[in-house]
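A short reminder: the numbers here are calculations on the coordinates, not readings from a lab. Small disclaimer: the values here were computed from a predicted structure and weren't measured. Cβ placement follows ideal geometry from the backbone for every residue including glycine, while neighbour counts extend to all protein chains displayed.
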Amino acid sequence: MKQSNLYGAGATLAGNRAFTASQAEAQERKPPDIRNILVLFVDQQRQDCLGCYDNPVVQTPSIDLLAQTGIRFTNAYTPSPFCTPARTSVQTGLWAHNHNLIFNTEGTFCN
């Protein structure tokens, strides 16, 4: 019985050494250059109501910082004047008549 316990302890130690070695190897490798994409979906937000577009009244420091360090899309068009079909089109890449959500009300589909 003691022999199996020692054998188990030896396997655990060997496993820890292997894990430590793989951690050291991982630290030596350069991490990949990963870019994140942040898409903000806002309601009732016009472009000229942001500080980064020179609005003298509205103060949006957090959005201004994101705009300053990221990319701004200045020519965006919506496939629908309604929220649900427009957001679904952005998320799926489909036109409203293809994903069948054409209004904001639940259960309204086009045939």
**OP:** Please report F73, F82 as a ranked list, fewest other C-beta atoms within 10 angstrom at the top and most at the bottom.
**Re:** F73, F82
Original post:
In what sequence do L38, L50, L66, L101 fall when counting other Cβ within 10 Å, fewest first?
Top reply: L38, L66, L50, L101
